[in-house]
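The values are calculated or read from the model by the stated rules, or taken from the named source; none is laboratory data. This structure is a prediction, so every number in the text was calculated from the model and none was measured. Because the Cβ atoms are built from the backbone with ideal geometry, glycine has one as well, and the counts that use them run over all protein chains shown. Only protein heavy atoms, including side chains, enter the accessible area calculation; ligands, DNA and RNA are left aside. Shrake-Rupley method; radii C 1.70, N 1.55, O 1.52, S 1.80 Å.
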Amino acid sequence: MAPPVRRQPDRDRFGAREAPAQIVAGRALVAGRLQPVEIALGSEGEILSLRRTQPPGPRHDVGESVIVPAATDLHVHLREPGRPDAGESMATGTVSAALGGVGLVAEMPNTEPPVTSVERLEEKEARVRGRAAVDVLLYALAGRGSARALALRAGGFKIYLSPSAPVDEVPSAEELPRWLEELARTDLPVAVHAEEPSHFRGVAPPKDPIDWGRARPPSAEAAAIERLARRPDRLRLHVAHVTTRAAVSRLRALGASFEVTPHHLLLSDRSGPDARFKVNPPLRPEAERAALWTAFAAGEVPALASDHAPHTLSAKSAEFARAPSGMPGVETMLPLLLERVRRGDLSLGTLLSAACDRPARWLGQPVGRLAPGHRGNFLVIDFRRRETLSADRLSSACGWTAFEGWDAIRPVEHWRDGVRIVADGEYVGRPEGRVVRPEFAPGAVSPPIRPL
Ligand code: NCD
Ligand code: ZN
């Protein structure tokens, strides 16, 4: 694994300016305003500088189109190994990410078997190499095994507070503080699925997303967050897929990191009656959805993440009560939200903070900003090229989307280390994605990142 490149920016101040290998010209958000920029890229695809005009060199001019950093998705399930029934793989899911403008996915450990040992991490790493279109960070599953051993290899940890196939190991009230202590000592990010199962109610049998929301009510989310409230100071706590305004306020007060998903922002429990709309945590009533959107648009949510959880249509066409939970999303997350920016419902800056900058900082990665020393991982967005989402034009192998027919703005180009992997909306890359781990200064005890 080649170490990421970090270069001294502004070399010209010392009279030794590196000639750019190439220049990409367009518009970008600089100091809160869209303005013309020219981005100089070095020989390894790193960003050397952003200026109004660069010295002469090979140029790629995207005109009025907007250059934004590639996104980092903190929550993606790629289903390898052992879950081919879910209709996705490391290869197909990362091409789907590339087309959706996501340059780094953090991959969840609820595979079959779950990622509970160094050997299983190594096996997953081997599935990334030579097959992944974008970079992949691998979560290990927190549990009764040694977090210290896993931390030598993992990119982060995931804790499920309620069982989630195939994970049935959830911490008891006595165990959780000990798990959190041990995880805090690893300094790795820790993502938590925060639903407290003692709040689940028997709705027999749930027949639609409204029932599902009653079976797993918001109080389960609130109770799970309270279980995390007295966490060790050093723990890098991140709460996955928050669904309510109350949880947003509570987590902000606690100073914890958290994410919301596009489906909880855009869909309610009445958006569709069938199991394609069955997801954990459930979709909420319209008023709750609208309140979550308001918080997101106000910049109160640190991260946007897809919880890309593909299941095939045939699995989803089972009786509602027995159908699996989860929907695909890594390819549609940014396009759906960029359309909201185009409509004026959301500022581009708010979106880029939540989708690109903060998640990359959270994982200690030199991406997510158009800044000297960062990798040249960025997208070209043409806000005039609106499209209608349709499953047959999406690349995810699961073959459907809950956002069929929605307007969206897909990236025209996606650059990775200064090389285009998406051109004219088509994937043209090679499977050169790397396994990445958080890069905090070696040996340093990094303080918890407060991403708010
Ligand atoms: C996820 C899945 O299918 O792996 N499903 C979901 O509804 N979000 C599991 C999970 O993240 O809980
Ligand atoms: Zn998930």
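Projecting the Cα atoms of 84, 31, 67 onto the charge dipole of region 30-102, computed from C-beta unit charges around the Cα centre, puts 31 farthest toward the positive end.
How do the peptides 374-380, 196-202, 263-269 rank, highest first, by the average count of neighbouring beta carbon atoms within 10 Å per residue? Mind showing how you got there, number by number?
Working: 374-380: 26.3, 196-202: 13.6, 263-269: 22.1.
Ranked from most to least packed, the peptides come out as 374-380, 263-269, 196-202.
Under the simplified labelling scheme, the residue 424-residue 146 pair shows an inter-label distance of 5.5 nm, with each label point 7 Å from Cα along Cα→Cβ.
Projecting the Cα atoms of 96, 363, 395 onto the charge dipole of the chain (Cβ charges, centred on the Cα centre) puts 363 farthest toward the positive pole. What the Cβ-Cβ distance of residue 313 and residue 18 gives, at R0 = 35 Å and to the nearest 0.05, is a FRET efficiency of 0.10. A helix-only calculation puts the chain at -6500 deg cm²/dmol for mean residue ellipticity at 222 nm, using -39500 (n - 2.57) for each DSSP H run of at least four residues, averaged over all residues. With all protein chains kept in place, the per residue accessible area of the chain amounts to 38 square angstrom at a probe of 1.4 angstrom. Sorting the segments 328-341, 212-225, 426-439 by their mean number of nearby beta carbons within 10 angstrom, highest to lowest, gives 328-341, 212-225, 426-439. Residue 207 exposes around 140 Å² of accessible area when a 1.4 Å probe is run over every protein chain in place. Separation of region 156-174 and region 205-244 by C-alpha centroid, Å? The two parts, judged by their Cα centres, are 13 Å apart.
Note on residue 316: aspartates and glutamates with a C-alpha under 20 Å away, same-chain residues under 8 apart excluded, are 80, 85, 88, 112, 208, 211, 269, 274, 307, 331, 392, 404. Model label sites at residue 126 and residue 249, defined 7 Å from Cα along the beta-carbon direction, differ in position by 5.2 nm. Taking label points 7 Å from Cα along the Cα-to-Cβ direction, residue 226 and residue 391 give a separation of 4.1 nm. Distance from the alpha carbon centroid of region 247-307 to that of region 357-396 works out to 21 angstrom. Using the Cβ-Cβ distance between residue 321 and residue 298 with R0 = 41 Å, the FRET efficiency computed as 1/(1 + (r/R0)^6) comes to roughly 0.65. Backbone phi angles across region 236-245, fed through the Karplus curve with coefficients 6.51, -1.76 and 1.60 (θ = phi - 60°), yield HN-Hα couplings of 8, 8, 10, 9, 6, 5, 6, 10, 10, 4 Hz in residue order; Gly and Pro are listed as x.
Rounded to whole numbers, the Karplus 3J(HN,Hα) couplings from phi for region 198-207 are 5, 8, 5, 10, x, 10, 10, x, x, 10 Hz, using 6.51 cos²θ - 1.76 cosθ + 1.60 with θ = phi - 60°, and x at Gly and Pro.
So how tilted is helix 118-128 from the main axis of the chain? Cα-based, degrees 0 to 90, rounded to 10. Long axis of 118-128 versus the principal axis of the chain: about 50 degrees. Across region 43-59, rounded Karplus estimates of 3J(HN,Hα) from the backbone phi angles (6.51 cos²θ - 1.76 cosθ + 1.60, θ = phi - 60°) give 5, 9, x, 7, 7, 8, 6, 10, 9, 4, 9, 9, x, x, x, x, 10 Hz, Gly and Pro being marked x.
Taking the Cα centre of the chain as origin and assigning +1 to Lys and Arg Cβ atoms and -1 to Asp and Glu Cβ atoms, the resulting dipole is close to 920 debye. Surface composition of region 291-412: carbon and sulfur make up 46 percent of the accessible area, probe 1.4 Å.
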